[in-house]
Ligand code: NAP
């Protein structure tokens with residue numbers, strides 16, 4: 001077995017030594033996170049003396065926890081719900097993506113300096129390409145206008161896409177389209193409500209449909225943002241950010257129409273790979289990370 005093959009000891013933590021480097025994920029709650037096994041599998045595979053720990057932090061303790069992690073010599077952090085926005089105001093420097101998206105999901109400690117990054121956008125693009133879809137200049141329909149939508153809409157703008165954002169609260173879609181339209185001159189953005197009429201109107205012209213709403217996520221897999229009576233465009237690629245379950249009802253509908261589909265696990269793995277590379281300076285073993293997540297979430 002090569003060092004990069006997923007090991008049968010997937011569940012073991014890396015050996016913790018006196019000189020081990022520590023990173024972790026800060027959220028509330030974090031018990032459901034697959035990031036600790038995913039990153040620890042990667043550290044083990046590359047024989048790196050690093051370990052990754054879950055850090056349940058209440059919203060009232062975010063600043064203390066961030067400074068505490070720096071004081072304790074942590075090399076970095078992942079930040080998840082509900083702290084991604086609050087962290088922005090607490091770091092010394094924001095990457096351009098973190099600044100535009102308004103959320104930090106990865107922190108790097110460089111001596112006394114705290115750097116805030118957002119790897120969700122790159123993770124999303126890497127996942128699309130991995131799944132065989134080249135997003136450059138595509139016509140995309142993004143369902144939802146919340147936190148995850150901001151990362152995907154930013155990412156699609158960076159590759160000159162024409163993005164239509166449909167959201168239950170139409171005003172949020174309009175605001176997002178307006179905000180990002182000023183950022184990327186080569187991209188085009190429009191916003192509208194999410195309903196049968198707008199889906200029917202926009203569907204025929206799109207090459208990519210991205211679900212960023214939680215509709216279809218466990219424990220409500222019966223939910224879908226796309227009513228069955230609206231034909232899914234057969235030539236479009238369907239990317240659902242949900243990864244639990246691995247096959248959503250929306251993906252089933254798209255698949256039945258002949259469209260290609262991918263679930264959100266690719267984005268989860270690739271945002272983690274980007275964070276891993278920021279912390280360690282080494283190329284992340286994406287296959288190992290993917291296998292660690294699949295061992296927990298199941299295959300498709
Ligand atoms: P969020 O900020 O709360 O945004 C949720 C969005 O979904 C809003 O636009 C909201 O519309 C819409 N929505 C919620 N319930 C709805 C309903 N019943 N009908 C229609 N629209 C509804 O959440 P988020 O952080 O963006 O996360 C959204 C999803 O993305 C979650 O499933 C999360 O697990 C997933 N995600 C995946 C990854 C990954 O790596 N794969 C990364 C991040 C997030 P309104 O504006 O009208 O409220």
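Read the figures in this text as sums done on the coordinates, not as results from a lab. Note that the structure is predicted; figures quoted are calculated from it, not measured. Quick reminder, even Gly has a Cβ in these numbers, built from the backbone with ideal geometry, and neighbours come from all protein chains shown.
At-a-glance table
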quantity: For the range 66-126 and the range 198-252, distance of Cα centres in Å; calculated: 30 Å
quantity: The range 151-300 shape via C-alpha gyration tensor axes, a/c threshold 1.5; calculated: oblate
quantity: Sites residue 196 and residue 247 - FRET efficiency at Förster radius 25 Å, r taken between beta-carbons, to 0.05; calculated: 0.60
quantity: Potential extension, residue 60-residue 277 segment - 0.36 nm per residue separation minus Cα distance; calculated: 75.1 nm
quantity: Calculated FRET value between residue 15 and residue 67, using beta carbons and R₀ = 30 Å, to 0.05; calculated: 0.55
quantity: Inter-label distance for residue 92 and residue 131, nm, one decimal - labels placed 7 Å from Cα along Cα-to-Cβ; calculated: 3.8 nm
quantity: Those residues of the range 251-267 whose amide nitrogen sits under 15 Å from the label point placed on residue 203, 7 Å along Cα→Cβ; calculated: 251-260
quantity: Fraction of the pair-distance distribution of the range 44-178 above 17 Å, Cα-Cα pairs, percent; calculated: 64 percent
quantity: Rounded if a/c under 1.5, otherwise prolate or oblate - the range 36-100, Cα gyration tensor axes; calculated: prolate
quantity: Overall dimensions of the chain as given by Cα atoms, namely Rg and Dmax in Å; calculated: 19.3, 61
quantity: Theoretical gain in end-to-end length, residue 287 to residue 188 [0.36 nm per residue, Cα-Cα removed]; calculated: 32.2 nm
quantity: Helix 120-130 vs. the chain, principal-axis angle (Cα, 0 to 90°, nearest 10); calculated: 70 degrees
quantity: Added length on full extension, which subtracts the Cα-Cα distance from 0.36 nm per residue, residue 112 to residue 218; calculated: 34.1 nm
